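J.: The structure under discussion is supplied below as structure tokens; questions concerning it will follow.
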Amino acid sequence: QAGIDGCDERGLRREYGGSFVVKASENNSDHVVVEVVATDNAGNQSKKSITLKIDVTKPVINISYDNNTADSTAYFKDNRVATIVVTERNFKPEYVSLDIKNTEGILPQLSGWSQAGSGDSTTWTATLSYVADGDYEFGISMHDMAGNECQSINYGNSVEPTKFTIDKN
């Protein structure tokens, strides 16, 4: 029979149902190891370890265009290539959402993603080549595997990065 504190009449605990908290802000890593060690009164030990992935870092998106020479406000007479660099440890391409429109219907294709670096400094790079005439609108958003949303997009010194026209004729 168990006593009030979960111990039997000899003061021996047969089970434990407590909990603990792993603080995400102090354990931002894909290799957080939680180890539980139980020792009985005879000195016998049992160990159990699990590995957790904790990600509190929001993705960062930087975009730059190679052609920033507009004929007037947002008109370009040559192709443009946008280089997209995402800084994110837990990246999956399917979590990047592109919203691209062209009045002429021909959309740029995203190149494959290449990876560099490690940890929260890991970068993923891809390009979009705008080669067809038309009035373009560009939008991008993303979240990581932990659900952290990118809060803002940095376009650097790019001229008209989200709304522009390519007219090569």
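The values are calculated or read from the model by the stated rules, or taken from the named source; none is laboratory data. Treat the numbers as computed from the prediction; the structure is a model and nothing was measured. Cβ: placed from backbone, ideal geometry, glycine included. Neighbour counts: every protein chain shown. Areas reflect the complete protein model, heavy atoms only, side chains present, ligands, DNA and RNA absent. Shrake-Rupley method; radii C 1.70, N 1.55, O 1.52, S 1.80 Å.
J.: Can you confirm whether Ser121 is open to solvent by less than 60 Å² (accessible area, probe 1.4 Å) and either in contact with a Ser or Thr (Cβ under 9 Å, 6 or more places away or on another chain) or on the phi > 0 side of the Ramachandran plot (or both)?
T.: no
J.: Now, a different point. Can you find a residue in region 135-143 that is more than 30 Å from Asn169 (Cβ to Cβ) and among the β-branched types (Val, Ile, Thr)?
T.: no
J.: Continuing with the same structure: Which residues, counting only those in region 128-155, are under 20 Å from the mean Cα position of the chain (by Cα), under 17 Å from Ile84 (Cβ atoms) and surrounded by fewer than 16 Cβ atoms within 10 Å (Cβ to Cβ)?
T.: Gly139, Ser141, Glu149, Gln151, Ser152, Asn154
J.: Let me ask something additional. Read through the list (1) modelled with pLDDT of 95 or more; (2) closer than 17 Å to Tyr130 by Cβ, then give the number of the only condition that Val96 fails.
T.: In the conditions (1) modelled with pLDDT of 95 or more; (2) closer than 17 Å to Tyr130 by Cβ, Val96 misses (2) alone.
J.: What's the number of the condition Glu9 fails, among (1) over 18 Å from Asn157 (Cβ atoms); (2) open to solvent by 90 Å² or more (accessible area, probe 1.4 Å); (3) modelled with pLDDT of 85 or more?
T.: (3)
J.: Follow-up. Do we find that Tyr75 is modelled with pLDDT of 95 or more, open to solvent by 80 Å² or more (accessible area, probe 1.4 Å) and of a type in the set (Phe, Trp, Tyr) in this structure?
T.: When the stated conditions are applied, Tyr75 passes them.
J.: Answer yes or no as to whether Asp99 is among the charged types (D, E, K, R), open to solvent by 70 Å² or more (accessible area, probe 1.4 Å) and in a strand (DSSP E or B).
T.: It is true that Asp99 is among the charged types (D, E, K, R), open to solvent by 70 Å² or more (accessible area, probe 1.4 Å) and in a strand (DSSP E or B).
J.: Further, regarding this structure: Condition first: more than 17 Å from Ile153 (Cα to Cα) and either assigned to a loop (DSSP other than H, G, I, E, B) or among the basic types (Lys, Arg) (or both). Now tell me which residues in region 86-96 satisfy that.
T.: Once the filter is applied, which keeps residues that are more than 17 Å from Ile153 (Cα to Cα) and either assigned to a loop (DSSP other than H, G, I, E, B) or among the basic types (Lys, Arg) (or both), region 86-96 yields Arg89, Asn90, Lys92.
J.: Could you check region 15-46 and list, in sequence order, the residues that are hydrophobic (A, V, I, L, M, F, W, C) and surrounded by 10 or more Cβ atoms within 10 Å (Cβ to Cβ)?
T.: Val22, Ala24, Val32, Val33, Val34, Val36, Ala38
J.: Among the strands (runs of 3 or more DSSP E) contained in region 102-158, which hold 3 or more residues that are under 22 Å from Ala24 (Cβ atoms) and modelled with pLDDT under 95?
T.: Per the criteria, no element qualifies.
J.: Any idea which of Ser64, Ser49 is part of a strand (DSSP E or B), in contact (Cβ under 8 Å) with a residue 60 or more places away in the chain and open to solvent by 50 Å² or more (accessible area, probe 1.4 Å)?
T.: Only one candidate qualifies: Ser64.
J.: Testing Val34 on (1) closer than 26 Å to Ser158 by Cβ; (2) free of Cβ contacts under 8 Å to residues at least 60 places away in the same chain, one condition comes back false. Which one is that?
T.: (1)
J.: Exactly one of these conditions fails for Ala82: (1) surrounded by 15 or more Cβ atoms within 10 Å (Cβ to Cβ); (2) closer than 26 Å to Ala24 by Cα; (3) touching a residue at least 60 places away in the same chain (Cβ under 8 Å). Give me its number.
T.: Tallying (1) surrounded by 15 or more Cβ atoms within 10 Å (Cβ to Cβ); (2) closer than 26 Å to Ala24 by Cα; (3) touching a residue at least 60 places away in the same chain (Cβ under 8 Å), Ala82 fails exactly one: (2).
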